[in-house]
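Report on the structure given below.
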């Protein structure tokens, strides 16, 4: 009824309603019950006071269940010892036993209920008028055992429901944590791809500019212009990526395979000639598939630029009925790719990032040296079959 220093008014209202209903029922129905019990003491002011005390004690039954049971037990036992008829006051006693069983642990609830049973049973031996004796113990015990058993079952069910809710809450929290971790990894991969590719191109262009500056400064200017353009494009893409993170939405527009010509031109300025071939009929792809294909090509070409030691590479994009494939090949030194993990399953973040992107979409990725020299990266990404 009271949590954190504040009353739980719905429970207060429910207890008040119950107490008033039992009070009214007891005052009205006890006289009728006495008419069917010859030899019982007529209902009088004293019996009505005891009925009222027992009923009104239920107002605080959830806050102090043991005290409530004690008050109701004393009032009920006094009522029965005085010889008044069995009646609605026993319903009040039943509810007080049930409350103790629901709101207390089993052991203290059993002790309190046992004491209440002993006190209540006094009337079968010492009641006014003919006492039923031991034959009255079993009927009296029913008013204790039945509500106690029902209350214990209700308490167990309530605790089980509470554990289920707690487990569901933990599960939701764990799921939210996993989603947050996955989102952080996705963002980190996006930033890695954008920044890594841009810095690789800028580094290569800067080396070209430094090489040409003493001898052919006019050609060095071309390389410096390419550096400016590449850095600006990389910063723009990074700004869009981080902006989407702040908004909690996907980036628009999402880089896709349609941007491969722009990627080819950017790498040409860094000294890497890329031949792009398309097999099959190009079509609109799901955004996640389109982005993953683009990022695989971007990362693979960045590795070629950094490590392969060659000036050319080939990219083949294949559109099939149920998947799109990308293949990136070069004729450089395959061992040199290990800096980003392309020479095998171990290494840096480049290959791991590719595998995570492709695996998340249910695709497949194979990487390794080519027969006759060079390196090959191949990714197959499933899409809905074309109609």
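Structural remarks
- Sorting 271-284, 371-384 by average packing, meaning the other beta carbons within 10 Å per residue, from highest down gives 371-384, 271-284.
- Fully extended contour minus Cα-Cα distance, from residue 370 to residue 110, at 0.36 nm per residue: 85.7 nm
- When the P(r) is computed for region 2-131, the part past 23 Å accounts for 34% of the Cα-Cα pairs.
Just so you know, all these numbers are worked out from the coordinates, no wet-lab data involved. All of these numbers come straight from a predicted model, not from anything done at the bench. Backbone-built Cβ (ideal geometry, glycine too); neighbour counts: all protein chains shown.
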